[in-house]
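The values are calculated or read from the model by the stated rules, or taken from the named source; none is laboratory data. Here the structure is a predicted model, which means the values were calculated and not measured. Neighbour counts are summed over all protein chains in view; Cβ atoms, including those assigned to glycine, are modelled from backbone coordinates with ideal geometry. Please note that ligands, DNA and RNA were not included when accessible areas were found on the heavy atoms of the full protein model with its side chains. Shrake-Rupley method; radii C 1.70, N 1.55, O 1.52, S 1.80 Å.
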Amino acid sequence: MEINSKTKLFCLIGHPIEHSISPQLHNTAFKYFDLNCVYLTFDVEPTQLSRAIKGLKALRVSGFNVTIPHKVSIIRYLDGLDISAKETGAVNTVVLKNNKLIGYNTDVEGIKKSIENIEEVRDGRALVIGAGGAARAAIVALKMLGFKEIIIANRRLLRAATLVRRFRDEELNMRSVSLFEMKRYSKTCSVIINATPIGMWPHIDETPLNSTEIPKGSLILDLVYNPMKTRLLEEAKKAGATIVYGVNPLIEQAIKSFQLWTNLEPPRELLLKVAEQSLQTWGRNEG
Ligand code: NAP
């Protein structure tokens, strides 16, 4: 579709932004449905966030994604929050509705969808590694799946403790541990989610856990998607665990955002192919 005066603009704001594959995913989906829409990225420094949001609203940008480091700080500039954003305290998708900016968190749906039909996911004990925005989404997803016990392991223990205070309730038992202490608990968990960048390119030899620390028959989701096959997932395979690639929740969250903007659901297989191609090219360019 040719860009003209009726083209609707969607975008991603974050800092840095150049490694995102969201433009490839959303522009492929726009093309698939023959929509007169385009998706761009804008590198917005934290000090410019409020001005950027005012600008996006004034320009009536139809919708946008939000990534590191703005997922939490954007909330104060929005007109309303969906329940998914309220529960996580983080926003990754914004929709312009009646000239109001409404924040959503589609990472929750992305994580939930990627693991909910896997047999190993039973409501035992889960381990979430990390205490940032992705960890918050993972906790909410696990809660929705019926988990009653979640251990949060983080480099800075204070941040993990903050999440425990935020999410613990009568139904959910939580505890915060250091990355070192986590190794004492990991073998008792049926689901392990890495929500840190450990193992991400170029640090591809790093892993938060090795095969002897991962229980056989468990499920390991690595939210890192570059590389797709991370060292953690290799270790998990060695241990006899079921593995889920980070590219799966990435695609699921993109599909959910696209649905919020257009009411249409792009085909997963098409987006998966585009993601795999984009990540391969990205690796070659950087390497
Ligand atoms: P974030 O809010 O910045 O949080 C980063 C977390 O990782 C913090 O807990 C931080 O610990 C920890 N961390 C960072 N560097 C570390 C290191 N070298 N060693 C140990 N811990 C480290 O980021 P986020 O949004 O949660 O994203 C985390 C990861 O998930 C990123 O790799 C992101 O690309 C990925 N992600 C993937 C998807 C998906 O759909 N696949 C969705 C969202 C995010 P401290 O608190 O101690 O600093």
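Please give the number of the condition residue 222 fails out of (1) within 11 Å of the ligand (Cβ to nearest atom); (2) of a type in the set (Asp, Glu); (3) over 18 Å from residue 136 (Cα atoms).
Of the numbered conditions (1) within 11 Å of the ligand (Cβ to nearest atom); (2) of a type in the set (Asp, Glu); (3) over 18 Å from residue 136 (Cα atoms), the odd one out for residue 222 is (3).
Suppose we keep only residues that are under 22 Å from residue 112 (Cβ atoms) and within 15 Å of the ligand (Cβ to nearest atom) within the stretch 187-203. Which one would you say is surrounded by the fewest Cβ atoms within 10 Å (Cβ to Cβ)?
197
Hey, could you check the stretch 214-234 for residues that are of a type in the set (D, E, K, R) and open to solvent by 10 Å² or more (accessible area, probe 1.4 Å) and say which is farthest from residue 197 (Cα to Cα)?
It comes out as 216.
State all residues of the stretch 143-165 that are assigned to a helix (DSSP H, G or I) and at pLDDT below 95; if no residue qualifies, say none.
143, 144
For residue 126, which of the numbered conditions (1) in contact with a Leu (Cβ under 8 Å, 6 or more places away or on another chain); (2) near the ligand (Cβ under 9 Å from one of its atoms); (3) open to solvent by less than 30 Å² (accessible area, probe 1.4 Å); (4) closer than 22 Å to residue 243 by Cβ fails to hold?
Of the numbered conditions (1) in contact with a Leu (Cβ under 8 Å, 6 or more places away or on another chain); (2) near the ligand (Cβ under 9 Å from one of its atoms); (3) open to solvent by less than 30 Å² (accessible area, probe 1.4 Å); (4) closer than 22 Å to residue 243 by Cβ, the odd one out for residue 126 is (2).
Of everything in the stretch 26-55, what is part of a helix (DSSP H, G or I) and either within 14 Å of residue 7 (Cβ to Cβ) or β-branched (Val, Ile, Thr) (or both)? Give them in sequence order.
Scanning the stretch 26-55 gives 26, 27, 28, 30, 31, 47, 53.
Limited to the stretch 149-177, what total is found for residues that are within 14 Å of the ligand (Cβ to nearest atom) and of a type in the set (Phe, Trp, Tyr)?
0
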